[in-house]
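Trainee: Dumping the structure here so I can ask a few things about it.
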Amino acid sequence: WISKLLKRPFEEQVSILRSSGFNGIYIDRRGYDDRAKAMEENLSKLLNTTPIVSKNGVQSFFKMQPTGSKTYEFPPQ
């Protein structure tokens, strides 16, 4: 499911997560060359919020309102 999700455009990924009942996105900044700066900027604009950041600055979390509760089913390819 995740590998199919990651093939979608970023904005669509967030929409699919919300419609599948997710209420947040966790980021480990160590996994990004820019420490997830670009991703966090995109999420801040898309979700109209700022992240909760861990005390050590390594993790961030974006709260979001789920719009559904049924796991999205990708169409067959």
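Trainee: How large is the dipole of the chain about the Cα centre if only Lys and Arg carry +1 and Asp and Glu carry -1, each at its Cβ, rounded to the nearest 20 debye?
Mentor: Here the size comes out at about 160 debye.
Trainee: Work through the residues other than Gln13 whose Cβ is under 11 Å from its Cβ and net out their charges, Lys, Arg +1 and Asp, Glu -1.
Mentor: It works out to a net charge of +2.
Trainee: Here's something else I'd like to know. Testing the spin-label approximation: label points 7 Å from Cα along Cα→Cβ at Ser15 and Lys45. State their distance in nm.
Mentor: Going from the Ser15 label point to the Lys45 one covers 1.6 nm.
Trainee: What percent does the relative contact order of the chain come to when contacts are Cα pairs within less than 8 Å and at least six residues apart?
Mentor: Here the relative contact order equals 42 percent.
Trainee: Just add up the charged neighbours of Glu40: K/R +1, D/E -1, any other residue whose Cβ is under 11 Å from the Cβ of Glu40.
Mentor: Around Glu40, the charge tally is +2.
Trainee: Related question: Give me the three principal axis extents of the chain from the C-alpha atoms, as integers in angstrom, largest value leading.
Mentor: In descending order, the Cα extents are 41, 24, 18 Å.
Trainee: Once the Cβ-Cβ distance between Phe74 and Tyr26 is put in as r, and R0 is 22 Å, what FRET efficiency do you end up with, to the nearest 0.05?
Mentor: 0.50
Trainee: Follow-up. When the Karplus curve 6.51 cos²θ - 1.76 cosθ + 1.60 is applied with θ = phi - 60°, which whole-Hz ³J(HN,Hα) does each residue of the stretch 57-74 get, with x for Gly and Pro?
Mentor: Karplus values, whole Hz, x for Gly and Pro: x, 8, 10, 9, 9, 9, 6, 8, 8, x, 10, x, 9, 9, 4, 4, 10, 6.
Trainee: Quick check: residue separation of Ser54 and Ala38 times 0.36 nm, minus the Cα distance between them. What number comes out in nm?
Mentor: My answer for the length gained is 4.0 nm.
Trainee: Quick check: at a probe of 1.4 Å, how many percent of the accessible area of the chain sits on carbon and sulfur atoms?
Mentor: That fraction is 51 percent.
The values are calculated or read from the model by the stated rules, or taken from the named source; none is laboratory data. Source: prediction; values computed, not measured. As a convention, Cβ positions derive from the backbone with ideal geometry for all residues, glycine included, and neighbour counts pool all protein chains shown. We work out accessible area using only protein heavy atoms, side chains counted, and drop any ligands, DNA or RNA first. Shrake-Rupley method; radii C 1.70, N 1.55, O 1.52, S 1.80 Å.
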